[in-house]
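Q: Before anything else, here's the structure in question.
Rule-based calculations on the coordinates, nothing more; no lab input. The structure displayed is predicted, hence computed values, not measured ones. Don't worry about glycine lacking a Cβ; one is built from the backbone with ideal geometry, like all the others, and counts go over all protein chains shown.
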């Protein structure tokens, strides 16, 4: 090994290795071990951050559906919740277009009949996605406004509008 | 307090011209009483430093060895208490919480009376008196007690031996040069533990070239069969590497290469003791981080040995540290490390898995 001639810089992990990592990490995306789940999500975020071109399509096709279920789970709290928020943040940062698909995906998971989904977790995920991709903020706010029509007068009359200004 | 008085009748009798002199028993018992007072009354620490500590230091060279060791042990108690209660605010907290009189609080608030400050003023006398006693001809028990006192001093007051680096390292060298026997193994370990603390708590400028005087002796120690001695010697080199980094090949630090070869040798063997292996793993990481140019010019098979280790926890830590230090290691190293850590994640229990994930994250983010 000659370190000087073969310097390792950021982005030097091969595509095959990225695939292998994601393939292995898939099996940890369950709530049986929350610590490992948290670590696996964080590692996926790192892959999306440093190797977006290779990891993004794999994550979209093989991982995303599992993360929707995880985001809805009330068992995902603390560091695991932080990891999943970071995951969605780096995902929509890697490809801005996917944000429009992730939000309906999350909503679909929470709307499933008989699910004990955690609306709080899903709301935080949605907030994270919107905060990273501000371009979808207006549409998302308009979409969710219809759910809070009951208190809308109060909303407009109060100083809460200052938050959005 | 008076334990073993009957047994003491014959102790050290041959060392005195006057066999009838039993005053050492009084001195030893008095020292034990002082140890009991110091150990149980931390509110008197400042007074102890003002009135008792100079007397104890003056007795560091007591002609009777058992008294001398008892005096040193008493001073260790004093240092321990200083470490716990001797720093201003903590000392005040203790006194307030124990309901002592407000007057005492006011007394300790004067900075010049703080035990830590008083100790600092007595380090010179303490060091000189103790160094006089650390001669190779002294008994192993006595030498060990002396170095234990220095260890406690550095624990309480890191870097306080900066002005005595030369005589301290010379004394360490002389003692480490003694042959390793059943009686001296613990002494060697204590001296090496002291050197770990010395190199990790003093700035390199304070020991400068003096460190090269002791390195040949330590190189002998890393090759010792005694596992604790070899492990501690590796730890000394780890501390020295951290203190002197970055180390370049052109600085005449050829000991780095010898440590590297010995660590490689230990890691490559199946019969290496677990403690020695763990210390050798750490020193390999330190060598790559602190003396990159030296070890990269002499590639060994340390990474293969690390990855084949039966207990991957240590190897995971070393790979994580080297990867986090952004040392240019080459794509093959990175690829092999990621493949290996994926296997570790698959096989590890819950405890080791988290560290392996952290290692993977660091490798990805390089």
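Q: Expressed as a rounded percentage, what relative contact order does chain B have, with Cα pairs under 8 Å and six or more residues apart?
A: 10 percent
Q: Then there's this: Just want the ordering: B:281, B:112, B:275, from fewest to most Cβ atoms lying within 10 Å of their own Cβ.
A: Starting with the residue having the fewest Cβ neighbours, the order is B:112, B:275, B:281.
Q: Given a cut-off of under 8 Å on Cα pairs at least six residues apart, what relative contact order in percent is computed for the range A:15-135?
A: 29 percent
Q: Still on this model: If I take R0 = 30 Å and measure r between the Cβ atoms of residue A:53 and residue B:274 in this structure, what FRET efficiency does the formula 1/(1 + (r/R0)^6) give, to the nearest 0.05?
A: 0.10
Q: Quote to one decimal, in nm, the extra length available between residue B:311 and residue B:26 on full extension: 0.36 nm per residue of separation minus the C-alpha distance between them.
A: Gain in length upon complete extension: 97.2 nm.
Q: Once both axes come from the Cα atoms, what is the angle between helix B:88-97 and the longest principal axis of chain B, in degrees from 0 to 90, rounded to 10?
A: Taking Cα atoms only, the helix is inclined about 60 degrees.
Q: Can you give me the angle between helix B:331-347 and the longest principal axis of chain B, using Cα atoms only, in degrees from 0 to 90, rounded to the nearest 10?
A: 70 degrees
Q: For chain B, take the longest principal axis of its alpha carbons; what is the angle in degrees between that and the long axis of helix B:185-201, to the nearest 10 within 0 to 90?
A: Around 80 degrees separate the two axes.
Q: What is the calculated FRET efficiency for residue B:122 to residue B:223, with r their C-beta to C-beta distance and R₀ = 45 Å, to the nearest 0.05?
A: Efficiency for this residue pair is about 0.70.
Q: A follow-up question, please. Using the number of other C-beta atoms within 10 angstrom as an exposure proxy, rank B:137, B:47 with the fewest first.
A: Ordered by Cβ neighbours within 10 Å, fewest first: B:137, B:47.
Q: Suppose R0 equals 51 Å; then what is the FRET efficiency for residue B:213 and residue A:26 from their Cβ-Cβ distance, rounded to the nearest 0.05?
A: 0.35
Q: Also, quick follow-up: Taking chain B as a Gaussian network, where each spring joins two C-alpha atoms under 10 Å apart, which residue of B:234, B:60, B:44 fluctuates the most?
A: Result for chain B, Cα springs under 10 Å: B:44 fluctuates most.
Q: While we're looking at this one, here's another question. Under the definition of partner shielding as Cβ atoms of other protein chains within 10 Å of a residue Cβ, what is the mean value for peptide B:326-339?
A: On the way: counts 3, 2, 8, 5, 9, 8, 4, 4, 6, 6, 1, 0, 6, 3.
Neighbouring Cβ atoms belonging to other protein chains average 5 per residue here.
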